[in-house]
Every structure is written in C-alpha cells, then in structure tokens.
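Sharing a structure, written as structure tokens. Questions coming.
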Amino acid sequence: MDIPRRAFLGGAAAAGLPAFAGVNLFGAAASAAKGTEASPWETADGSATDAVFVRRAYIDLAGRIPTKDEAQRAASATRPDRRRELVDALLDSDSFADYWSMRFCDILRVKSEFPINLWPNAVYVFHRRIHAFVKDDEPWDRFARALLTATGSDFRDAEVNFLRATAQRTPEGFAEIAARTFLGWEWADLPEARRRELADYFSCVRIKNTREWKEEIVQVEGEDRRADFAARLLGEWRDDFAKAFVRRVDAWLFGLDEPDPRHVALFVENGYRLRPLVRALALSPAYARGPVTGGFPYRRLDAEVLDDAICDLTDTKRDYQSIAPEPFTFLPANRRSVLIEDGSISNAFLLLFGRPARDTGRLDERHNGITAKQRLYLFNSGKIFQGLGRMVNDRAYRRQSMAEIIQDLYWRFYARAPTPSEKKNLLGHFKKLSSGAEKWRFPRDLAWCLLNSREFLYQH
C-alpha cells in the first residue's frame, strides 16, 4: 500500500495530512501545528481564515466548492470589504438561484411520481416558478399567497402544483401541507379543533382531469376561503409564519434546530425576503467563526454538492435514473446534480448520501451524516479512483514538481494552500519512496486521501 493511503488508515499525523479519520474535524493537524505555524482554518481570535470563509460562502450560497482560481483570487484579496463583496457577488449569481431553488424544491415536494406526486410536465413548470421566486427575491408572503390560492392547470399554472403534490387530496391533506410549509405545524401535534378549522379553508378545492392526458385542473366549488388562510399568515400567525421560514435558513447555514429570534426579526423587517436575510447572516460574526476553537458547526456536504464536487475534480460523468417512465421524464446527460429539477431523478450516489425523497417537505428528509456505507463507497469506488488517476496524470501535472503538485491538489480539494509542515511532511514521504512506480502513484494516492478527508467532505 502506498504511503499516503497507509497514513490515512493509520493516522493523519504521520503524513502531515488533516485529521482524516479522527473524532474531531481538524484535531490531529491542529495539535501538530499549534505553536509552530499559523492555523490554515482560523485566526488567533477564533475567526475563520479568508480561505475557509471563501469555501464556506461558495458552498452555502452557490452550492459548490470554489475552483482553484476562484479560491486563490478570493483568498488573496486584501480589501477590507472583501468578504462583503464576495457574498454580494454570490447572491447575485445564477448559482445562488440554482442552488437555493433546489432547497425550496425539497420543501415544496417537487417530484414526479404520478399519481402520488406530479406528472413530469408539472414538475418542470413548478420548478421554473420556484426558480423565479428565488432569482427575483420575491417576498415569501406573496409567494405563499400565490401557492395557497392558485387555480388552473397543473401543466400551465405552476402554483397549483403546491396543492396537487400531495397523496391525500382532501381538505385535511391540503391543510396539512399548508400548515407544515408555512407555519411549521405538524398535523399530528395539532388538536382536533384546530385541524377542522384549517381543513375548512380548503374544503372548496377540487382536482379534476381534463381531456389532455394526465393534465389536472385545480378549481373551486363553493366559497373560496383560502385567501383568508393566507391573510392569517401575516395576522395572528405571523410569528409562526416567519419562524417556519427562518428555521430552514438557520438549519441550512448554521445547522440550528431552532430559529434565532434575531434572525426572525430581521426577516420580518426586510419584507419577508430571502436574499437580505441570507446576506445579513453570511456577514454576521457567527458565520465568520472558525471551525476549531471558534465553534462554527460543521456538517457533511449536501449529497448534490458532494456529487458535483467529486465529478468535477475527477472529470467523471454523472448518470441518472427515474422511477417515472420514459419518454415522459427527461433524463439529462451529465447535468450538475444541484440543477436536477425532478426529485424522482436520482442516482446511486445521491441515494446513498441522503438526498431527500421530497415526500413530506420536512428538513429531516435530508440526511447529512457520514455512514459506514458511505465511507466504504468513497474508500473503494473504482470509478472515483480511476478519475483521480486521470486527473493527476494530466500532461500539465507531469510538467510540475512534486511541491507544485501538492500545492495544486490542496487548492483543488481544500480551497487553501498546504501549511509548511503539511508540505514538508508530504515531500519527505515522497523522497523516501524507493521505486518509480511508487513515486508515480503518489499524487493519485494523495488526491485519494484528500477526497476522503473530513476537511473535504464537510462544510466547516
């Protein structure tokens, strides 16, 4: 077994690599470097370094790790307002709209699986509407009202798919998803009187077929009281309405179980808009904390982000399958995972790494922990290992010194430069290798170690 891989399995300290298999995210390397060199992850006051902040912002706001050039350019900036400029640029990017549309598609159950969920035609029209909500920074209360009160065709009137995407097509079923989505209320926790009250708002809703195959119409029979429900969201239910939204944003950015009251107040003050809330949180002192002593909560990358990162680094093509029958479901060729509109379109990697099923719209549908099966896959995937081999055997790499290759790999995987001790230890191992074959395999095995490390797999 080559030295970097042996170091990974036997302990990070031996190779000078981050704490790949340790209990703590950066424990071994942090201890080794303490008192001898600056931490690559945080400053003396416990704040995140510029390199860590750049990677963090790209993942949270754009749904991807930065490229080598992006990371180096952003981390080398010296302007006092460099972080604000980065956050503003990411918020205005197409990547922000794409990635956060994916998040809201999870909440709004955008998935084809007829008749339980939506027909593919409806999925795409609903996704476009959600994407416009994020891109245009439409107030959440306005969007909520549109979803709650819509009528028309599920193929043409996107908002009706909020009510259509439920297995229980009854007043109680509609009320349940409305209460969960907009108020954070779980149906099982509500008293019977409150359930009847909520269901009554949707007793007028009817879903009927048309002559067009699989098209359905959402229409109203009798008095339509759904607008009264929407009005109460900004009336007596305003606190719960704002908390339900902010709870999701706090979970996505900080891993918090409960919304911070200050964040809720900020959301209301800014007219129930997503972008000002995310901007303020991304520029807050809490978001700037370091991951070691600063206490910033780390969590594994979303399945889609991790899939895209690995495929980009290894130049590996993505493949997808769908439970909905062809030709009605469009299976994209090599599209980035965060751009997949339909929750039924997936692959083995996304399923293994906890992509949500989009059945309930709850946050706990997504699982961002590391399991034994996931570890085994990353350790043993021939597809990944071959991709890493292709990456480091590129002609450009063959023209570089080993010191340059180590520097390049750290920027690609970690969005930072290696510390002097990391580079020294790795070069020391390389020089001790006796055979040409071992030296030739060293960059590939190093890349394998970096990919399997917690510093790569986790948002920190």
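No lab work stands behind these numbers, since they all come straight from the coordinates. Bear in mind that the values here come from a model prediction, so they are computed numbers and not experimental data. Every residue, glycine as well, gets a Cβ built from its backbone with ideal geometry; the counts of neighbours run over all protein chains shown.
Calculate the FRET efficiency for Asn347 and Asp69 from the Cβ-Cβ distance with a Förster distance of 22 Å, rounded to the nearest 0.05.
Details: r = 29 Å, r/R0 = 1.30.
Efficiency for this residue pair is about 0.15.
To continue, here is another question. Work the Kirkwood hydrodynamic radius out for segment 183-275: mean of 1/r over every pair of different alpha-carbon atoms, inverted, in Å. Intermediate results must be reported in sequence, preceding the final value.
Details: mean 1/r = 0.0634 Å⁻¹.
For segment 183-275, the Kirkwood estimate is 15.8 Å.
Determine, from the Cβ-Cβ distance of Ala188 and Asp88 and an R0 of 60 Å, the FRET efficiency 1/(1 + (r/R0)^6), rounded to the nearest 0.05.
Details: r = 42 Å, r/R0 = 0.70.
Result of the calculation: an efficiency of 0.90.
If I take the Cα coordinates of segment 267-319 and project them onto the principal axes, what are the three extents in Å, biggest first?
For segment 267-319, the Cα spread along each principal axis is 44, 33, 13 Å.
Between Leu339 and Asp200, what is the label-to-label distance in nm when each label sits 7 Å out along the Cα-to-Cβ direction?
4.9 nm
Going by C-beta contacts inside 10 Å, put Thr181, Thr371 in order with the fewest on the left.
Arranged by neighbour count, lowest to highest, Thr181, Thr371 become Thr371, Thr181.
Put +1 on the Cβ of each Lys and Arg and -1 on the Cβ of each Asp and Glu in the chain; which of Gly428, Ser153, Ala167 then has its Cα farthest toward the positive end of the dipole?
Going by the Cα projections, it comes out as Gly428.
How much of the DSSP beta bridge set in the chain is antiparallel, as a percent to the nearest 5? Intermediate results must be reported in sequence, preceding the final value.
Working: 13 of 14 bridges.
Percentage antiparallel, nearest 5: 95.
Suppose R0 equals 22 Å. What FRET efficiency, 1/(1 + (r/R0)^6) with r the Cβ-Cβ distance, do Val220 and Glu172 give to the nearest 0.05?
Numbers: r = 17 Å, r/R0 = 0.79.
After rounding, the FRET efficiency stands at 0.80.
Which of Ile340, Tyr397, Tyr124 sits closest to the plus end of the dipole of the chain, meaning its Cα is farthest towards the positive end, when Lys and Arg get +1 and Asp and Glu get -1 on the C-beta?
Among Ile340, Tyr397, Tyr124, the one farthest towards the positive end of the dipole of the chain is Tyr397.
Another question, then. Determine by what factor the alpha-carbon radius of gyration of segment 139-236 differs from 2.2 N^0.38 Å, reporting the quotient. The partial results should precede the final answer.
On the way: Rg = 13.2 Å, N = 98, 2.2 N^0.38 = 12.6 Å.
This ratio for segment 139-236 stands at 1.05.
List the relative contact order of the chain as a percent without decimals, with contacts defined as Cα pairs under 8 Å and 6+ residues apart.
Working: 691 pairs, mean separation 102.7, N = 460.
Rounded, it is 22 percent for the chain.
While we're here: About the Cα centre, and with charges only on the beta carbon of Lys, Arg (+1) and Asp, Glu (-1), how big is the dipole of segment 366-422? Nearest 20 debye, please. Could the numbers behind the result be given before it?
Numbers: 10 positive and 4 negative charges, 65 e Å.
Around 320 debye, computed over segment 366-422.
By how many nm would the segment from Asp319 to Arg128 lengthen if fully extended, with 0.36 nm per residue of separation less the alpha-carbon distance?
Details: separation 191, 0.36 × 191 = 68.76 nm, distance 2.28 nm.
Computed gain between Asp319 and Arg128 is 66.5 nm.
Starting from 0.36 nm per residue, how many nanometres of slack lie between Asp228 and Asn270 once their C-alpha separation is accounted for? If you can, show how the numbers build up before the last one.
Working: separation 42, 0.36 × 42 = 15.12 nm, distance 2.34 nm.
Answer, rounded to one decimal: 12.8 nm.
Still on this structure: Any chance you could give the angle, 0 to 90 degrees and rounded to 10, that helix 303-314 forms with the longest Cα principal axis of the chain?
Orientation of helix 303-314: about 40 degrees from the principal axis.
Continuing with this model, one more query. Given 0.36 nm per residue, what is the gain on full extension from Met402 to Tyr377 after removing their alpha carbon distance, in nm?
6.2 nm
Angle check, please: helix 402-414 long axis (alpha carbons) against the longest principal axis of the chain (alpha carbons), in degrees 0 to 90, nearest 10.
Orientation of helix 402-414: about 20 degrees from the principal axis.
Give the angle, between 0 and 90 degrees and rounded to the nearest 10, that separates the Cα long axis of helix 171-183 from the longest principal axis of the Cα atoms of the chain.
So the helix axis and the longest Cα principal axis differ by about 50 degrees.
Nothing charged except the Cβ atoms of Lys and Arg (+1) and of Asp and Glu (-1): what's the magnitude of the dipole of the chain about its Cα centre? Round to the nearest 20 debye. Display every interim value, and only then the final one.
Working: 70 positive and 65 negative charges, 382 e Å.
For this selection, approximately 1840 debye.
How big is the dipole moment of segment 139-236 about its Cα centre under a simple scheme where the beta carbon of each Lys and Arg is +1, that of each Asp and Glu is -1, and everything else is neutral? Debye, nearest 20, please. All intermediate terms of the calculation are to be shown ahead of the outcome.
Details: 16 positive and 19 negative charges, 43 e Å.
Roughly 200 debye, rounded to the nearest 20.
Once the other residues with Cβ under 11 Å from the Cβ of Phe349 are scored (Lys, Arg +1; Asp, Glu -1), what is the net sum? Spell out each step's value before the answer.
Working: positive: Arg318, Arg355, Lys383; negative: Glu304, Asp307, Asp308, Asp319.
Its environment carries a net charge of -1.
Still on this structure, please answer the following. Considering the dipole of the chain built from charges on the beta carbon (Lys and Arg +1, Asp and Glu -1) around the Cα centre, which of Leu306, Leu331, Phe413 is farthest to its positive end?
Phe413
Could you work out the relative contact order of segment 319-460? I mean the mean sequence separation of Cα pairs under 8 Å and 6+ apart, divided by the number of residues, in percent. Provide the component values of the computation, followed by the final result.
Values: 83 pairs, mean separation 22.8, N = 142.
Worked out over segment 319-460, it gives 16 percent.
Per residue of the chain, what 222 nm ellipticity follows from adding -39500 (n - 2.57) for every DSSP H run with n ≥ 4, rounded to the nearest 500? If you can, show how the numbers build up before the last one.
Numbers: 24 runs with 237 residues, N = 460.
Dividing the helical sum by the residues of the chain leaves -15000 deg cm²/dmol.
Which order results if Cys105, Cys204 are arranged by neighbouring Cβ count within 10 Å, fewest first?
Ordered from fewest to most neighbouring Cβ atoms within 10 Å, Cys105, Cys204 come out as Cys204, Cys105.
Follow-up. How would you rank 40-50, 423-433, highest first, on the average number of other Cβ atoms within 10 Å across their residues?
Values: 40-50: 18.0, 423-433: 15.9.
Averaged packing, sorted descending, gives the order 40-50, 423-433.
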